[in-house]
Structure formats: C-alpha cells, structure tokens
Amino acid sequence: MEKFGVMCLEGEWGKTLSDKMTVLPYLQLLEAINSNFIFIHRRMATEPEFDFFIKEWTLKKYKDYKVLYISTHGFRSGINISRDVDVTLEKLGEKLGERAAGRYVHLGGCSILKSNEDELKEFVKQTKVKGLMGYSKDIAWTDSAAFEILLFEALRWYDQGRNAAGYCKRHIEKEYSNLVSKLGFKFII
C-alpha cells in the first residue's frame, strides 16, 4: 500500500507562549498504528510562514501528503493563524490555486465552513481539490480530536480508486453520523 500523508499546519491556540495545546499527539498515534500513514507537523504564527508551508506542500516531493490539515481557531469563512492574523477561505483558495488539485483540505477550527454551500463548492472548483472538509459549528477539542483520527483513517483507507472522496464522505456520514451532526462537519466534493 502506498504512503498516505497529512501536512498539518497548526496555528497558535493560546494567548501565551507557554500554552502547550497541540494536535501533534493524534498524528503520532495514527503513524504508530498504520505503517503507511505519514505526517509533517509545523507550527505557524504569521502569514508569510503560512504561505511558505502552503507552497512547500504543493511541491512534487510532497505528493504523498494528500491532506492539508490546517488546525487553527476559525470563524465563518476564515482561519485565525495567531492573535491578529486571519486568512479568509477566499484568500486561502487564491494561495492554493490549482496546485492543490487532487488533494484534500481539512480546516480543523470552529465554524470555518459555516459559509453557504455555493461558496464552499466554488473553493473546490477553484482549487480542484478532491474535497474540502471542516466544521460549521463551534467545536469541543476532544470531540474534534476523536473525529479527526477517524476522518484521517477513513481518508487513508479510501484513498485508492476513482471515487475515493465520495466513498469516504458516505462512510464518514454513515458511520459517525452523531459526531458529524454535533460538529457540523461538512465534506464538500
């Protein structure tokens, strides 16, 4: 089985540098239990850092990293990288362009996908990603952590085949319907 990777860009969660909150442990768990799961995890606090990592992720040498996982605070149609650094969904689409074609984008922050379906479908069309995923509600850390482990495992499992995104979406919505509803999870293909 070929490698399946996640490129995680994690923003600053707390108001102090001593805050240790991070999604890193559950990426490590997935890597420990799945021989073909790989990940890259980077912290970011500025838009230039964000831009650098986005450009790197789209390089051919990182083709096995099929999911861009942006783990940050969020707001309707945008992400908050750090205290006063916000990037709208529209701006993210411009930054990615078509370089993300055939890959997935998961936005792991509160209410980012609270947007209307047309706006989200436009992002998918503009970037040519296989799928855009995220939450349309404010979410609890533990619930989203458990769900994201399940989500990344499903993406890894269904990665092969022509309609991988469709199969994965149906699996997630059927098997984890309670969490999908509680988190307001959306999977736009």
Note to self: So, in the range 148-189, exactly how many residues are touching a Leu at 6+ places or on another chain (Cβ under 9 Å) and either of a type in the set (Phe, Trp, Tyr) or on the phi > 0 side of the Ramachandran plot (or both)?
What the structure shows: 5
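Rundown of residues vs (1) β-branched (Val, Ile, Thr); (2) open to solvent by less than 40 Å² (accessible area, probe 1.4 Å), yes/no style:
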{"residue": "Leu113", "(1), (2)": "no, yes"}
{"residue": "Asn116", "(1), (2)": "no, no"}
{"residue": "Val129", "(1), (2)": "yes, yes"}
{"residue": "Ala145", "(1), (2)": "no, yes"}
{"residue": "Leu150", "(1), (2)": "no, no"}
{"residue": "Arg156", "(1), (2)": "no, yes"}
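Take Asp64 and decide whether it is more than 19 Å from Arg156 (Cβ to Cβ) and of a type outside the set (Lys, Arg).
On the way: more than 19 Å from Arg156 (Cβ to Cβ): no; of a type outside the set (Lys, Arg): yes.
Considered against the rule, which asks whether it is more than 19 Å from Arg156 (Cβ to Cβ) and of a type outside the set (Lys, Arg), Asp64 comes out as no.
Pick from the range 8-23 the residues that are touching a Phe, Trp or Tyr at 6+ places or on another chain (Cβ under 7 Å) and within 19 Å of Phe147 (Cβ to Cβ): which of them is most open to solvent (accessible area, probe 1.4 Å)? Spell out how you get there, then give the answer.
Narrowing the range 8-23 to residues touching a Phe, Trp or Tyr at 6+ places or on another chain (Cβ under 7 Å): 8-9, 19, 21.
Right, trim to within 19 Å of Phe147 (Cβ to Cβ) and you get 8-9, 21.
On the way: Cys8: 0, Leu9: 0, Met21: 82 Å².
Top of the filtered list is Met21.
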Margin query: Considering only residues that are part of a loop (DSSP other than H, G, I, E, B), of a type outside the set (A, V, I, L, M) and without any contact (Cβ under 8 Å) to a residue 24 or more places away in the chain, which ones fall in the range 136-159?
Written below: Tyr158
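Would you mind finding the one in Tyr26, Tyr69 that is surrounded by 13 or more Cβ atoms within 10 Å (Cβ to Cβ), within 15 Å of the chain's Cα centre (by Cα), more than 20 Å from Lys128 (Cα to Cα) and among the hydroxyl-bearing types (Ser, Thr, Tyr)? Can you show your working first?
Details: Tyr69 fails: more than 20 Å from Lys128 (Cα to Cα).
Exactly one of Tyr26, Tyr69 is surrounded by 13 or more Cβ atoms within 10 Å (Cβ to Cβ), within 15 Å of the chain's Cα centre (by Cα), more than 20 Å from Lys128 (Cα to Cα) and among the hydroxyl-bearing types (Ser, Thr, Tyr), namely Tyr26.
If you scan the range 143-178, which residues turn out to be β-branched (Val, Ile, Thr) and farther than 17 Å from Phe4 by Cα?
Let us first name the residues in the range 143-178 that are β-branched (Val, Ile, Thr), namely 149, 172.
Selection gives Ile172 alone.
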Checklist line | Near pairs, Cβ below 8 angstrom, 6+ apart or cross-chain, from the range 19-31 (within 18 Å of Asp64 (Cα to Cα)) to any residue that is open to solvent by 50 Å² or more (accessible area, probe 1.4 Å) | finding: Leu30/Glu153
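The values are calculated or read from the model by the stated rules, or taken from the named source; none is laboratory data. Everything numeric in this text was worked out from a predicted model, so none of it was measured. Positions of Cβ are backbone-derived with ideal geometry, glycine not excepted, and every protein chain shown enters the neighbour counts. Accessible surface areas use protein heavy atoms only, side chains included; no ligands, DNA or RNA. Shrake-Rupley method; radii C 1.70, N 1.55, O 1.52, S 1.80 Å.
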